[in-house]
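The values are calculated or read from the model by the stated rules, or taken from the named source; none is laboratory data. Nothing here was measured: the structure is a model prediction, and the numbers come from that model. Virtual Cβ from ideal backbone geometry, glycine too; neighbours counted across all protein chains shown.
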Amino acid sequence: MMLALVIARGTMQEFLREPFEVLPGSEVVPHAAGPASSLGLDLLCCVPALLVLFRRLIDKPFTFRSPRSLIPLTLLSGWMLLSTVWAADKFAALITAGHWAAAAAMLWAATQLVRDWRKLRLVAAVVFGLLPIYAIHGLNYKFIELPDLIKNFEENKDKYLQQHGLREGSFAATQFVAKIRQGEMFGYETSPNSFGALLSLLIVVSSGLLIQRLRDHRSAANSANDLNVAKPPLDPTATAVALVMLLGVWIMVYTRSRTAFATPFIALLLLLFIWRFHTWMAGQARRFYFLGVTLFGLLIAAVIGHGLAHGSLLHISLTFRWHYWIGSLRIFKLHPLIGVGWSNFGLHYLAARLAKAPEEVKDPHNFIIRFFTELGLIGGLLLVAWQLRLWWELTRPVIPTITAPPAKAPGVLGFIASVSVCGIFLSTLLSVDFSMGAIELDILRRLLFIGAMVIASSLAALRTLHSQEPDDRPAPWVLYTMLVGIGVFLIHNLIDFSLFEIGPMMLFALLTGSALGIRQAEESGNPRSAKTIGILLTTAILMGLTVALLLWIPVLQAERSAEAADDAIRANRPGLAEPLLEEANREAWRLNGDYAFRAARVSPPSQWRARMSEAIRQNPLAVPYYVGRASSELRQSKPDPSLVRDDFTTALRLDPYNVPMRLEYAKALADFGDRTAAIEQYEVALNVDDQLNGDEIKRLPPSEIAQIHQKILELR
C-alpha cells in the first residue's frame, strides 16, 4: 500500500487552488486533483502506520524500531499543524501541513517495515520503475504534445492570454509566453528544477541496483573460479537498468536544471569515495559523521561570507536565492519565535524583499531557511535536531540480519504488478477528469505506464530471470546509493523547493524510512511496555485520522461547489456562480479567502463590498484582495476616494516594490484631483524601477518611462 501511494502521488499533479483565473467565455479545462484529493491521499498515507500499530497489538514477537530521530520529526509535524492558528492563510497552512504529517507517518511506517535486504531491494526496484514512467511522459510531451501546443498558442495567443487573465506585455504574460515557447519540462511537478531534482534522485538510487548487480555477478564468477565450474553468464538485467538510467538522463536534459546535473556529480564523487574507503569508514563512523557536519557548517559559513562581502553569489540564479534569503532574515527578525505560519512565506516576503529583487516567490528556495522563517526558532531548531539525529542513525555501521522470505509470499512479478496497477489506478481516478471527452489517449498512456513499470521493476527485483524469487542477497550498494541520493536531494533543496512538492516529498519519506529501518539494530524490548506504547500510538493516530476525516468532508464539498461555480462563470451566469462560491466558502469553514474573493467578483453591486471584506478578513495579507476591492470601487459611477486610498495604501505597505500597482494608484489619485500625491507615487515608482538590474525583464520600457515623466510634468 505504501509503495502504491508513492507511485500514485508521483504520477499526478495536486493543486491547493485553481492555478488560473476562470473568466466568462473561457474554454472548459479538465478539473485537476485539488485539496480534497490531497487530503484523502494524506489519510491513506497514514494507514500503513496504523496497520503496523495494529500488528504490534496482535503479533507479540513483532517489535517496533525506535529511532530517536522520530521524536523531533513528530514534534516538528505537530508544530507545523499548530502554526495554522497564527497563519494569515490558514487554509494553505492546514492543507500543506497535512502533507508533511502524512509523509512523516509514511517515514515511520517504512522504518518499521523495511528490515532486511529483500525489502530494501523491492523498494529500490519500485522506485527504479518510476524512471521509465517519467521517460514516457517526458518524450510524449516533448515530441507530441509540445509542438501542437506551440502551434495552437501562436495562432490563438490573445485568446490564451485572456483565458489566463494576463495582459499583453505584462511581466506575467511575458513569462507565460517564454515558458511555452521554450518547452520547459515540468513532469508532474510545478517547476523544471523540481522535476530535475526528482530525476536526479531516481538515477542515483537506480545506480545502486546496477552496481550491486555487477558486484553480485563478479562474486558469483569468483566463486565459480574457486570451484572450477563454468562462470555464470553476464546478467542482462544490468544492461536493462543502465539503459533506463540513460533514458532518465536524456529527459533530465530537457529540464535545463543546472542543479539537477550538479547533484549527480556530487553523488558520483561520494560513491567513489565510499567504494575506495567504505571498510575503513565503517570503523571510523563517528569521526566521519562529525567531519561531515563540520564541513557542512563551513560550507554554509563560506556562502554567507561571500554573500555578505559581495552582495551576490557565484551565478545570477544563486544571487536571486541570496536575495530571497535576505528577505527571509527580515521576516525572521519580525517573527523570531513562532514564525509566520507554514506555507505563508510568500505573503510576508513581498514587504521584506530587497528593492532590486524582482521575483515574487512563495518559497525561500532553502528548506532550512523555510523552517526557520515559517515556524520560527522553535520549528527551525526542531528541524536541525531531526536532521542531526537522522544522519547519525543513517550512518551507523549496522548490518541487517538476513531473513528468509515468508513461505506464502507472492511472487515478485505478482507483487510488483499489483503495486503498479493500484498506484496508477489511484492517480488516474483522482487526476483524470472523466467528464471531459477524448481521454482515451490519456488512459492508454497510463496503461503503458503500468507495463513499463512492471517490466522495469521486476527486472530489478528478481534474483534471476528464470524464477520469481525475490533477490534477498545483501545489497550494501543499494543502501549506499539510497543514502547518497537522499543526501544530494537535500543539498539540491538548499537552493530549491522540490522537497515540498508532494510527489518528491513522499518519495523522500519512503527512501529515508527504508534506509533508517535497515540501519536499526534488532530490539527485544519489554513486551508489556511495547504493547502499551502501541495502544497509545494507535489511539492517537485514530483520533488524528478522525479529525482529518471530519476536515476532509467539508473540503470535498467546498471543492465540488467551487467547480460548479467555475462552470457557471464560463457560461457567463454570475447569478448562479455567486451563491455556489458563498456555499463553498461556508463549507470550508471560511478558512479559504479565495472562495470569498471569487464570490465578490461575480456578486451584484449591493454585495461585492461585503464579499471583498470577508475575503480580507480571512486572509488579511493577500495583496490581490485589497487591489481587487480598490479596482471594483474605481469602476463605480461615484467611487469613494477614501476607500480606494485605504486599500491601495494597505496593498503598497504589503508589497511596496510593486511598480504596476503604484502606477495604478497614481492614476487613481490624479483622477481624484490629488496631484501632489499622484506625483509622489509616480516618482516612487520610477525610483523603484531604477533599482532593478538593467537587463531585468520587469523594468519599465523607455517609452513608458517617458510617458510617466510627461504625466508628472502635466500634473505639475
Exercise. For residues in region 639-686 being surrounded by fewer than 17 Cβ atoms within 10 Å (Cβ to Cβ) and among the hydroxyl-bearing types (Ser, Thr, Tyr), which is farthest from the chain's Cα centre (by Cα)?
Worked result: Thr676
For this session: Within region 21-80, count every residue that is surrounded by fewer than 20 Cβ atoms within 10 Å (Cβ to Cβ), among the small types (Gly, Ala, Ser) and not in a helix (DSSP H, G or I).
Result: 4
For this session: Inspect region 466-480 for any residue being outside the structural domain of Glu393 (by TED's automatic domain parsing), under 13 Å from Gly208 (Cα atoms) and assigned to a helix (DSSP H, G or I) and give the result as yes or no.
Result: no
Exercise. Which one of Phe500, Phe449, Phe434, Phe508 is of a type in the set (A, V, I, L, M, F, W, C) and closer than 25 Å to Leu139 by Cβ?
Worked result: Phe449
Exercise. Is there any pair with a first residue in region 644-661 that is over 13 Å from Ala677 (Cβ atoms) and a second that is hydroxyl-bearing (Ser, Thr, Tyr) whose Cβ atoms are under 8 Å apart and which are 6 or more apart or on different chains, and what are they?
Worked result: Asp647/Tyr626; Thr650/Tyr626; Ala651/Tyr626; Leu654/Tyr626; Pro660/Ser170
For this session: Output the number of residues of region 628-680 satisfying the condition of being in a loop (DSSP other than H, G, I, E, B) and not polar (S, T, N, Q).
Result: 10
Exercise. Regarding Ser191, is this residue modelled with pLDDT of 75 or more, of a type outside the set (A, V, I, L, M, F, W, C), closer than 29 Å to Val29 by Cβ and assigned by TED's automatic domain parsing to the domain that holds Pro476?
Worked result: yes
